[in-house]
Amino acid sequence: MAEDPPARYPLGVHVLLPILIACVDPPPPPAGGPVIGVTRIRAFHSMDLETWAADEPPLAEHAMSLGLHAVEGGFELTFMDLSGGEVGWLDRTFGSPSIGVLRRSADGWERSRRSVRDSATPAPIDPQGDGEALWIVSRDGVGGDPAAAASDNRIRVGPPWRTVLAGPGLTDPMPVTFGAQTLLFLTESHQRIALFAGDPPERIRSWQGVTVPYARVVEDELWLVAQKPAGGSRLPVPVLARSKDGRAFSRFEPILPAGMVRVCTSPVVAPDPARGGWLLVCVEEQAPG
């Protein structure tokens, strides 16, 4: 008995299928919370931490959640890249999640991306480098505000990947070694910074009204940079507190002059390997229109 001929599809199907795939709107990039208006990474330079000048143009647009860590010859900024345009639809849909990277050296800025291959993390949030390791916030799903979710957020570090801490509303992991201490700063539910110490981490203290910590050791001091609403408004500006022992800190004081930037979130501070002095980098948010 003769076999049935192989099934054949109309030529139009073969022509239209790639077109249909290409015309489908690409899915939005993973969200780490609501973003209103344009977000762009801004840098400010100072030789003395008192007089500041803004660098132009902005370093990147459609970015949020800055992290900073030292590398040979300078430092790297890590951030959640929400641009969408620089990564193709197929890569965003079928590839590995990735984060944006801006490297600062004596030669200036260099932009790249870093893959985050963690099977437990569908979309990495709040990336912070730590030597060869990377700290992230992991959660189920990719949409909505991670600080407002009812389920636990997982603070993970890797590779190899492991969960260090879990709890509702935990974001912005910032590890630092100060003396013989292993410290971990976190934001709790958009309300305060909490300090954890040891392994496993034990909660030591908190600061109400400041969020998004960045910590670095400068000589014999521990500097804690954060964002805090400017007096009488809800718009955050960068502030700095200092400590000699990693427990008692000075008051948080503004870093930039009043009015220099309207909104400055996720601030980080580091020596500038290109010009000397200091760089403050943050995310400036602008309302649409």
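Values in this text are rule-based calculations from the coordinates and carry no lab data. The structure displayed is predicted, hence computed values, not measured ones. Please note: Cβ atoms are built from the backbone with ideal geometry, for glycine as well, and neighbour counts cover all protein chains shown.
Things worth noting here:
- Note on Glu50 and Arg262: their simple-model spin labels are 3.0 nm apart, each label 7 Å out from Cα toward Cβ.
- Stretchable slack from Arg275 to Ala197, in nm (0.36 nm times residue separation minus alpha-carbon distance): 24.6 nm
- Residue-by-residue Karplus 3J(HN,Hα) for region 65-75, coefficients 6.51, -1.76, 1.60, Hz, glycine and proline x: 6, 6, x, 9, 8, 6, 9, 4, x, x, 8
- Residues Asp272, Asp172, Asp55, Asp107, arranged from fewest to most other Cβ atoms within 10 angstrom of their Cβ, appear as Asp107, Asp55, Asp272, Asp172.
- The charge dipole of region 138-289, taken about its Cα centre with unit charges on the Cβ atoms of Lys, Arg (+1), Asp and Glu (-1) only, comes to about 160 debye.
- Listing Phe249, Phe44 from fewest to most neighbouring C-beta atoms within 10 Å gives Phe249, Phe44.
- Model label sites at Ala133 and Asp145, defined 7 Å from Cα along the beta-carbon direction, differ in position by 3.0 nm.
- Rg/Rh, computed from the Cα trace of region 37-286 with Rh as the Kirkwood radius, has the value 0.93.
- Residues Val263, Val281, sorted so that the one with the fewest Cβ neighbours within 10 Å comes first: Val263, Val281
- Scanning residues 5 or more positions from Leu170 or on other chains, those with amide H under 5 Å from its amide H are Asn153, Ser189, with H placed 1.01 Å from N in the peptide plane.
- Taking the inverse of the mean 1/r over every pair of distinct Cα atoms in region 151-289 gives a Kirkwood hydrodynamic radius of 16.0 Å.
- Low-density loop cleavage sites - trypsin sites (Lys or Arg not before Pro) in region 105-183, where at most 14 other Cβ are within 10 Å (DSSP): Arg117
- Here the scattering of region 208-289 is modelled by Debye summation over its C-alpha atoms, one equal scatterer each and no solvent; at q = 0.11, 0.15, 0.25 Å⁻¹ the log10 of I(q)/I(0) is -0.31, -0.56, -1.27.
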